[in-house]
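Working notes, structure below.
The values are calculated or read from the model by the stated rules, or taken from the named source; none is laboratory data. Model, not experiment: these values are computed from the prediction. All Cβ positions, glycine included, derive from the backbone under ideal geometry; neighbour counts span all protein chains shown. Keep in mind that these areas ignore ligands, DNA and RNA; they rest on the heavy atoms of the full protein, side chains included. Shrake-Rupley method; radii C 1.70, N 1.55, O 1.52, S 1.80 Å.
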Amino acid sequence: QVQLVESGGGLVQPGGSLRLSCAASWSIFSINAMGWYRQAPGKERELVAQISSIGSTNYAGSVKGRFTISRDTAKNTVYLQMHSLKQEDTAVYYCNAWRPGIQSWGQGTQVTVSS
């Protein structure tokens, strides 16, 4: 299993920005896809953004234009830069890594958007 360590959550006002980080214990080139999911209270976990081993990206419609997923291959770290945050972005954000036969999750980091 690949170990994932997240950081960067917190409390931010509407319209603010945050950057989440996810450090993987494997080379991210050996992971088919890494992504960020989120789960708000009473809701199902949903995909926010994903980046493949070749760098292609995919976003949920609700975050397109506001969030950017990126990676630092030297640090085996994936980032989620979030701008123009809204109250509805409040959730626990989870890092995910997938390759055939293996799916790993981070411990989750809370993002709260509130005035």
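What about residue 58, is it over 15 Å from residue 2 (Cα atoms) and open to solvent by 60 Å² or more (accessible area, probe 1.4 Å)? For residue 58, the condition - over 15 Å from residue 2 (Cα atoms) and open to solvent by 60 Å² or more (accessible area, probe 1.4 Å) - is met. Restricting region 8-28 to residues that are within 16 Å of residue 68 (Cβ to Cβ) and within 11 Å of the chain's Cα centre (by Cα), the residue that is surrounded by the fewest Cβ atoms within 10 Å (Cβ to Cβ) is 19.
Residues in region 67-115 that are open to solvent by 30 Å² or more (accessible area, probe 1.4 Å), outside any strand (DSSP E or B) and of a type outside the set (S, T, N, Q): 74, 75, 83, 86, 88, 100, 101. With respect to residue 31, is the statement that it is among the aliphatic types (A, V, I, L, M) and open to solvent by less than 30 Å² (accessible area, probe 1.4 Å) true? Considered against the rule, which asks whether it is among the aliphatic types (A, V, I, L, M) and open to solvent by less than 30 Å² (accessible area, probe 1.4 Å), residue 31 comes out as yes.
Tell me yes or no: at least one residue of region 23-31 is polar (S, T, N, Q) and within 12 Å of residue 106 (Cβ to Cβ). Yes, region 23-31 has at least one match.
In region 101-115, the residues that are over 15 Å from residue 22 (Cα atoms) reach residues that are open to solvent by 90 Å² or more (accessible area, probe 1.4 Å) with C-beta atoms within less than 6 angstrom, at least six apart or across chains, in these pairs: 112/11; 113/87; 115/13. The residue list 48, 5, 63 contains one member that is in a strand (DSSP E or B) and open to solvent by less than 50 Å² (accessible area, probe 1.4 Å), which is 48.
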